[in-house]
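The values are calculated or read from the model by the stated rules, or taken from the named source; none is laboratory data. For clarity, every value in this text was computed on a predicted model and none was experimentally measured. For neighbour counting, all protein chains shown are included, and Cβ atoms are generated from backbone atoms with ideal geometry for every residue, glycine included.
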Amino acid sequence: MNYYDARETRDPAERERDLLARLPVQVAHAQARTPAFARLLAEVDAAAVTSREALASLPVIRKSELSALQKAARPFGGLAALGWGAGCARVFASPGPIYEPEGARKDYWRLARAFYAAGFRAGDLVHNTFSYHFTPAGSMMETAAHALGCTVFPAGVGQTEQQLAAMLDLRPDAYAGTPSFLRILLDKAAEQGLRLDSLKKAFVSGEAFPPSQRDALAAAGIQAFQAYATADLGLVAYETPAREGMVVDEDVIVEIVRPGTGDPVAPGEVGEVVVTTFNPDYPLIRFGTGDLSAILPGASPCGRTNARIRGWLGRADQTTKVKGMFVHPGQVAAVLKRHPEILRGRLVVDNPDLNDRMTLHCEVAGDGAGLAEAVVASLRELTKLRGEVQCCAPGSLPNDGKVIDDVRRYA
């Protein structure tokens, strides 16, 4: 079987109907069971949230806000529908600190689908080198492997010599961990005249995985795949043998929005990844990951019919400080909304002669006659800083998700 389940190849219209039918139920559940969403969505009629347009009208909760929310309302900022001993099997901590619950359900983070696409199968022995303490990465991988019927060696991080000895003795079929540590293990084995020839597949995450590194592992006989997942959301999207972008998971709704706002961008445009999950324990509605990506056109050649994203393209939080004052992407978006003649905009911050300067580059259909002065006034009103405006042709600004581009250089 080439697919984890039949949902991966269903008609896209059927998938959309299913997701939108589940959406009002999840919104109502979040309102009823979590104090934070009861407050944030107090004026929302859950039964009316049956379209992507209705979803886009709801507020975005950003990952950057979680630490403050959790300090104000422990342990999960009022966003979780469970507590100690009420279905919460474990709790983990990510930098921030941000605390994440792990429920007792099988394959809690839904990564088994990504493991299956990477070739993992029942009966495999998986050497798992992700951390098993504090952060959830080790458990995320282990629960996915167990859901597929794999056996796991819980190696954790470090202890290279002991890990290599265990791999030579147990001869695992698969590896889970960072690509760099896999390279270290392979190099250490080569130094000692040994071969880890039992390894045929790998699931890698936690750092960049460029094609050159993928090809080097393939030359060593290891097919390695990656996925986009977070401790808050679980699986968002995953790589398939087609190697063309990442296919979105069947149990999330992904939106790409303009950084600093909740407004969906045009198809193909780079923006912030915002995800709605159907996890009943941690029902995050419009969760802004802070990551940039874009939707790819068409379907994957592998036969999976869900939407694809380009993968991680950078960070969406482009807040910068100009002349001692913070300038946020949301302020730039507010300027653009005041002037509908502007198709797209990008605030470039530089410092000729070591003096900070802001220039708002605006794509406009005409020559922008008379527009620049009005935009300068809006820029000053909303940022409290002087700025310049430069009009440019439609489509001339880079499609990289940047709303603020800080190009300052210092002597």
Worksheet item: Across region 230-248, what is the total count of residues that are among the aliphatic types (A, V, I, L, M) and either at pLDDT below 95 or touching an Asp or Glu at 6+ places or on another chain (Cβ under 8 Å) (or both)?
Response: 6
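Please find, among Gln162, Gln213, Gln192, the residue that is farther than 24 Å from Asp5 by Cβ and within 24 Å of the chain's Cα centre (by Cα). Don't jump to the end; show me each part of the working.
Numbers: Gln162 fails: within 24 Å of the chain's Cα centre (by Cα); Gln192 fails: within 24 Å of the chain's Cα centre (by Cα).
Of Gln162, Gln213, Gln192, the one residue that is farther than 24 Å from Asp5 by Cβ and within 24 Å of the chain's Cα centre (by Cα) is Gln213.
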Worksheet item: Which one of Thr383, Thr359, Thr305 is surrounded by 14 or more Cβ atoms within 10 Å (Cβ to Cβ), assigned by TED's automatic domain parsing to the domain that holds Ala114 and of a type outside the set (A, V, I, L, M, F, W, C)?
Response: Thr305
Discussion item. For the list (1) in a helix (DSSP H, G or I); (2) in contact (Cβ under 8 Å) with a residue 60 or more places away in the chain, I need the number of the one condition that Asn399 fails.
Written reply: (1)
Discussion item. Taking the conditions exactly as written (outside any loop (DSSP other than H, G, I, E, B) and closer than 30 Å to Arg110 by Cα), does Ile285 satisfy them or not?
Written reply: no
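Restricting attention to region 402-411, report how many residues are assigned to a loop (DSSP other than H, G, I, E, B) and either closer than 19 Å to Asp263 by Cβ or of a type in the set (A, V, I, L, M, F, W, C) (or both). Walk me through it before giving the result.
First pass over region 402-411, keeping only residues assigned to a loop (DSSP other than H, G, I, E, B): 402-403, 407-411.
Remaining after also requiring either closer than 19 Å to Asp263 by Cβ or of a type in the set (A, V, I, L, M, F, W, C) (or both): 402-403, 407, 411.
Looking only at that region, the number is 4.
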Practice prompt. Take the residues in region 86-115 that are of a type in the set (A, V, I, L, M, F, W, C) and crowded, with 16+ Cβ neighbours inside 10 Å, then tell me which one is farthest from Asn2 (Cα to Cα).
Written response: Ile98
Worksheet item: Only one of Ala13, Ala30 is in contact (Cβ under 8 Å) with a residue 24 or more places away in the chain and of a type in the set (A, V, I, L, M); which?
Response: Ala30
Worksheet item: Does any residue of region 121-135 turn out to be within 22 Å of the chain's Cα centre (by Cα), modelled with pLDDT of 95 or more and under 20 Å from Asp281 (Cβ atoms)?
Response: no
Worksheet item: What are the residues in region 31-62 that are assigned to a helix (DSSP H, G or I), farther than 24 Å from Pro259 by Cβ and in contact with a helix residue (DSSP H, G or I) (Cβ under 7 Å, 6 or more places away or on another chain), if any?
Response: Gln31, Ala38, Ala46, Ala47, Ala48
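What number of residues in region 195-215 are surrounded by 13 or more Cβ atoms within 10 Å (Cβ to Cβ) and either among the polar types (S, T, N, Q) or not in a loop (DSSP other than H, G, I, E, B) (or both)? Before the answer, list the steps.
Taking region 195-215 and keeping what is surrounded by 13 or more Cβ atoms within 10 Å (Cβ to Cβ), we get 195-196, 198-206, 209, 213-214.
Of the ones still in play, those that are also either among the polar types (S, T, N, Q) or not in a loop (DSSP other than H, G, I, E, B) (or both) are 198, 201-205, 213-214.
Final tally of qualifying residues: 8.
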Worksheet entry | Selected residue (only one of Arg304, Arg346 is under 24 Å from the mean Cα position of the chain (by Cα) and in a strand (DSSP E or B)) | Arg346
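Please specify each residue of region 249-264 satisfying the condition of being at pLDDT 95 or above and either over 20 Å from Ala231 (Cα atoms) or part of a loop (DSSP other than H, G, I, E, B) (or both).
Of everything in region 249-264, those that are at pLDDT 95 or above and either over 20 Å from Ala231 (Cα atoms) or part of a loop (DSSP other than H, G, I, E, B) (or both) turn out to be Asp249, Glu250, Asp251, Val257, Pro264.
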Discussion item. Give all pairs with beta carbons closer than 7 Å in which a residue from region 38-56 that is outside the structural domain of Leu23 (by TED's automatic domain parsing) meets a residue that is part of a loop (DSSP other than H, G, I, E, B); count only pairs at least 6 apart in sequence or on separate chains.
Written reply: none
Item to complete: For residues that are surrounded by fewer than 18 Cβ atoms within 10 Å (Cβ to Cβ) and either closer than 27 Å to Ala242 by Cβ or of a type in the set (A, V, I, L, M) (or both), tally how many sit in region 316-347.
Response: 3
Practice prompt. Residues that are in contact with a Pro (Cβ under 7 Å, 6 or more places away or on another chain) and closer than 16 Å to Gln223 by Cα: find the strands (runs of 3 or more DSSP E) completely inside region 103-194 holding 3 or more of those.
Written response: 125-128
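Quick check on my filter: what residues within region 261-274 are surrounded by 24 or more Cβ atoms within 10 Å (Cβ to Cβ) and either closer than 14 Å to Arg52 by Cα or free of Cβ contacts under 8 Å to residues at least 12 places away in the same chain (or both)?
Val274 - this is the single residue of region 261-274 that is surrounded by 24 or more Cβ atoms within 10 Å (Cβ to Cβ) and either closer than 14 Å to Arg52 by Cα or free of Cβ contacts under 8 Å to residues at least 12 places away in the same chain (or both).
Could you tell me whether Arg17 is part of a helix (DSSP H, G or I) and closer than 22 Å to Thr305 by Cα? Can you show your working first?
Values: part of a helix (DSSP H, G or I): yes; closer than 22 Å to Thr305 by Cα: yes.
Here the answer is yes, as Arg17 does meet what is asked.
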Discussion item. Here is a check on your reading of the model: is Ala81 of a type in the set (A, V, I, L, M), part of a loop (DSSP other than H, G, I, E, B) and within 30 Å of Cys302 (Cα to Cα)?
Written reply: no
Worksheet item: Just wondering, is there one or more residues in region 299-311 that are touching an Asp or Glu at 6+ places or on another chain (Cβ under 6 Å) and modelled with pLDDT under 95?
Response: no
